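Participant: Before we start, here is the structure in question, set down as structure tokens.
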């Protein structure tokens, strides 16, 4: 076998092997014959006529995503940058339209996204753009579906993934939010302060009320104790004046003892000597005696008097400033 025969054999083998080709999963191959569309081949091992048929191209059937960034203006004249993610795929039954009718699908989708977003966003203020971003995404999807279906493309979903206002606008919004939260915090703090003040006032009022009741009860019991002490002293032959003086001097010494027991006390009673206590006792006894004498004198000075030319008599009252005529 000569070299020429071997060369022909090798050439024929290469041509034969080129007749077979494989198509990957989720991919379609477009076959042309002499430049004219022949067929569409799906995944697997495929055969074509060598030299006559050729693979014009392959179409990806998987879901693809295109991120489009648009800068537009809102109704309140705020410029924002929006990122819209479009998820789309080629319909397997319309591979011919997707391959031959549309050369640059990404550019076509981008143009429609720009058109819809710049038509919808200027109708809304900035706050509504954040709230109604799903409505914007639905409008983009609806417009794209109507336009791209004719080219064999199916729009799976559209998402507004980012809304980025101008940096100064964002700082202003953050300051407004912070001020609003500080206002709310101040309201809650003032309400808590008011509740504390009211509760403290109620507690003080209740405390003073109970303290007053305690003082009243204490004084009542002290009075009862004094009455009982005077009665006991009277039973052993001590009269009321002496008993009262004894009780007062006893309380005086009890007070001195209580003051001396307190290490932090800085109270000084002047005079504070045994002779001073004796003088105080004598003064009290004399005061009680003088009071009794004045009372007896007032009773003795009350006399029956008779007015002139009148047989009736009346009692004389020393406090009366009139000058009745005494009976002689």
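Participant: If residue 62 meets every condition in (1) outside any loop (DSSP other than H, G, I, E, B); (2) within 13 Å of residue 27 (Cα to Cα) apart from one, which number is that one?
Facilitator: (1)
Participant: Still on this structure, please answer the following. May I ask you to verify whether residue 164 is within 23 Å of residue 120 (Cα to Cα) and either assigned to a helix (DSSP H, G or I) or at pLDDT below 90 (or both)?
Facilitator: yes
Participant: Additional query: How many residues does the stretch 26-50 contain that are touching a helix residue (DSSP H, G or I) at 6+ places or on another chain (Cβ under 7 Å) and more than 21 Å from residue 98 (Cα to Cα)?
Facilitator: 1
Participant: Sort through 102, 159 and tell me the only one that's surrounded by 14 or more Cβ atoms within 10 Å (Cβ to Cβ) and in a strand (DSSP E or B).
Facilitator: 159
Participant: Follow-up question, since we're still on this one. Evaluate the stretch 35-55: report whether one residue or more is surrounded by fewer than 12 Cβ atoms within 10 Å (Cβ to Cβ), outside any strand (DSSP E or B), in contact (Cβ under 8 Å) with a residue 24 or more places away in the chain and on the phi > 0 side of the Ramachandran plot.
Facilitator: Among the residues of the stretch 35-55, at least one is surrounded by fewer than 12 Cβ atoms within 10 Å (Cβ to Cβ), outside any strand (DSSP E or B), in contact (Cβ under 8 Å) with a residue 24 or more places away in the chain and on the phi > 0 side of the Ramachandran plot, which makes the answer yes.
Participant: Please tell me if residue 181 is part of a helix (DSSP H, G or I), under 30 Å from residue 128 (Cβ atoms) and at pLDDT below 90.
Facilitator: yes
Participant: Let me ask something else. Return yes or no: is residue 109 surrounded by 12 or more Cβ atoms within 10 Å (Cβ to Cβ), assigned to a helix (DSSP H, G or I), touching a helix residue (DSSP H, G or I) at 6+ places or on another chain (Cβ under 7 Å) and at pLDDT 90 or above?
Facilitator: Judged against the criteria, residue 109 is a match.
Participant: Something else about it: Determine, yes or no, whether residue 71 is in contact with a strand residue (DSSP E or B) (Cβ under 6 Å, 6 or more places away or on another chain), in the same structural domain as residue 158 (by TED's automatic domain parsing), under 30 Å from residue 136 (Cβ atoms) and without any contact (Cβ under 8 Å) to a residue 40 or more places away in the chain.
Facilitator: Spelling it out, residue 71 is indeed in contact with a strand residue (DSSP E or B) (Cβ under 6 Å, 6 or more places away or on another chain), in the same structural domain as residue 158 (by TED's automatic domain parsing), under 30 Å from residue 136 (Cβ atoms) and without any contact (Cβ under 8 Å) to a residue 40 or more places away in the chain.
Participant: Pick out the one residue from 80, 140, 117 that is surrounded by 14 or more Cβ atoms within 10 Å (Cβ to Cβ) and either in a strand (DSSP E or B) or without any contact (Cβ under 8 Å) to a residue 40 or more places away in the chain (or both).
Facilitator: None of the other options fit; the residue is 80.
The values are calculated or read from the model by the stated rules, or taken from the named source; none is laboratory data. Only a predicted model underlies this, so the values are computations on that prediction, with no experimental measurement involved. Note that each Cβ is placed from the backbone with ideal geometry, even for glycine, and that neighbours are counted across all protein chains shown.
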